[in-house]
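Notes follow once the structure below has been shown.
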Amino acid sequence: MPTGPVAAEDRADPFTMTLFHSALRRDLTRARLLLGDPGLSVRRRRRLGRHLQWTMAQLRWHHEGEDHSLWPVLLERDPASRVVLDAMEAEHELLDGPLLELEAAARGLVADRATPADALAALDELEGPLLAHLSHEESAGLEIVRRVLSHREWQEFEKRAWIDGYTVADTLRFLRWIADGVRWRPDLVRRFGLPTALYWPVLKPLARSARCPGLTVWSGTPAARIPSAAGSPSTS
């Protein structure tokens, strides 16, 4: 396997990684709004619990893909990156406990065994270390990705680690979730890998899915107006 830096024109563009991170940040903010609402209905509370369970499952799947299929490749390409990559794994381990606590609280919301205050306390424990990890990964981990992987290799990693095994229904649900609230400029549509012609019939409706009545747990609440940070100047 090559060990030198990849030519600039062939370098990986891990835009989908930052898109995933932005969706997580967006949902943490949205969930906090709903959990702090004294008028939260039982139906919406249960629906929020199911959504949080699903989201934490996506986060766990995401971390497993990195730990098993990404960090080892980066370390082989660039042994000097060990300090950063060891930190990535350590941060994943640090998040395991708070992640489990939020999953348990989310199950409690569904089964009427936990209150919104319980879930909010679990969210408080997870949010700080998770946001710190996402920022660290974007500033240090993805710098290694861009330096040592080609874009084709990045796409192969995504397919192997995260996409293979998804059903069509899984894929559609994930696509709706990750695209929601994104400011889809033409350059971001291209980086996402979707033909520009599909922007109007696919990405634009998905970007507004939280505002569609009944479509998501956020529909009809102030949380629906919270955007994804993807597409903002600081994340482009």
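The values are calculated or read from the model by the stated rules, or taken from the named source; none is laboratory data. Because the structure is predicted, anything quoted here is derived from the model rather than measured. Reconstructed Cβ throughout: ideal geometry from the backbone, glycine too, with neighbour counts over all protein chains shown. Surface accessibility is based on the protein's heavy atoms, side chains included, excluding ligands, DNA and RNA. Shrake-Rupley method; radii C 1.70, N 1.55, O 1.52, S 1.80 Å.
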Next item on the list: Look at the stretch 55-93 and say how many of its residues are among the charged types (D, E, K, R) and surrounded by 15 or more Cβ atoms within 10 Å (Cβ to Cβ).
Entry: 6
Next item on the list: Answer with yes or no whether Ala223 is part of a helix (DSSP H, G or I) and either among the acidic types (Asp, Glu) or modelled with pLDDT of 95 or more (or both).
Entry: yes
Next item on the list: Scan the stretch 97-105 and give yes if some residue there is open to solvent by less than 10 Å² (accessible area, probe 1.4 Å) and within 18 Å of the chain's Cα centre (by Cα), otherwise no.
Entry: yes
Check: What number of residues within the stretch 137-155 satisfy the criterion of being closer than 23 Å to Leu194 by Cα and of a type in the set (Gly, Ala, Ser)?
Finding: 1
Margin query: Looking only at the stretch 30-54, count every residue that is under 16 Å from the mean Cα position of the chain (by Cα) and buried (at least 19 other Cβ atoms within 10 Å of the Cβ) and tell me the total.
Written below: 4
Checklist line | Given (1) closer than 25 Å to Leu95 by Cβ; (2) open to solvent by 40 Å² or more (accessible area, probe 1.4 Å); (3) touching a helix residue (DSSP H, G or I) at 6+ places or on another chain (Cβ under 8 Å), index of the condition Asp27 fails | finding: (2)
Notebook entry, point to check: How many residues, within the stretch 177-236, are open to solvent by less than 40 Å² (accessible area, probe 1.4 Å) and over 19 Å from the mean Cα position of the chain (by Cα)?
Noted result: 2
Margin query: Give all pairs with beta carbons closer than 9 Å in which a residue from the stretch 1-20 that is more than 19 Å from Pro72 (Cβ to Cβ) and acidic (Asp, Glu) meets a residue that is modelled with pLDDT under 90 and not in a loop (DSSP other than H, G, I, E, B); count only pairs at least 6 apart in sequence or on separate chains.
Written below: none
Check: farther than 30 Å from Gly36 by Cβ, out of contact with any Leu (no Cβ under 6 Å at 6 or more places or on another chain) and either of a type in the set (Ser, Thr, Tyr) or in contact (Cβ under 8 Å) with a residue 24 or more places away in the chain (or both): does that describe Gly165?
Finding: no
Next item on the list: May I ask you to list the residues in the stretch 112-138 that are within 16 Å of the chain's Cα centre (by Cα) and exposed (fewer than 14 other Cβ atoms within 10 Å of the Cβ)?
Entry: Gly128, Ala132, Ser135
Margin query: Which condition from (1) touching a strand residue (DSSP E or B) at 6+ places or on another chain (Cβ under 9 Å); (2) buried (at least 17 other Cβ atoms within 10 Å of the Cβ) is the one that Asp10 breaks?
Written below: (2)
Check: Got at least one residue in the stretch 83-96 being in contact (Cβ under 8 Å) with a residue 60 or more places away in the chain and either touching a strand residue (DSSP E or B) at 6+ places or on another chain (Cβ under 6 Å) or of a type in the set (Asp, Glu) (or both)?
Finding: no
